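Below is one structure, written out as structure tokens; comments come after it.
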């Protein structure tokens, strides 16, 4: 998939991901909701190449930290390492069928959750709701919808 300006596309999808992440939901749905920025960032990492792409992933992670009021760098670290996993499996990811892509998304979201919980428990202690463990599953389930919407939005 080619576009002349992949960084402008990244800005558009990042704003969209931040808006979706800010939608007020009941607490249970909010904690089990997908990692929106990870889904949008995964699409961008897989279908666009860039020399400084992880710098932009860092900036997006810091924006998520600021938007959600989390510890500064917590989401950034999780997004960079999850994005690193996606970049590592990029060749296989881009030619895989949808169900295999969902497995990759589940693995990346599990990495994201593990790092998020590690930093959170080191700083603030281990106080969480167990609905948070549904976030990797919901990320994998929402991946086909996000992929379809982003593929259609390029044209």
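The Cα center of the range 26-58 and the Cα center of the range 90-137 differ in position by 11 Å.
Taking only C-alpha pairs under 8 Å that are 6+ residues apart, what is the relative contact order of the chain in percent?
Relative contact order comes out at 29 percent.
Modelled spin-label separation between residue 20 and residue 153, with each label point placed 7 Å from Cα along the Cα-to-Cβ direction: 0.7 nm. Per-peptide packing, taken as the mean over residues of other Cβ atoms within 10 Å, places 20-28, 132-140 in the sequence 132-140, 20-28 from highest down.
Distance between the modelled labels on residue 107 and residue 11, one decimal in nanometres: 3.4 nm (7 Å Cα→Cβ projection). In summary, the range 1-119 shows an alpha-carbon radius of gyration equal to 1.02 times the 2.2 N^0.38 Å reference for compact globular proteins.
Each peptide in 96-109, 30-43 receives the mean, over its residues, of other Cβ atoms within 10 Å, and ordering these scores from highest gives 30-43, 96-109. As a proxy for reagent exposure, ranking 120, 68, 127 by other Cβ atoms within 10 Å from fewest up yields 127, 68, 120. With the highest mean first, a sort of the peptides 61-67, 6-12 on other beta-carbon atoms found within 10 angstrom per residue produces 61-67, 6-12.
The numbers here are math on the coordinates, done by the rules we state, and not lab data. These numbers were taken from a predicted model, which means no experiment stands behind them. Note that we place each Cβ from the backbone using ideal geometry, even for glycine, and neighbour counts take in every protein chain shown.
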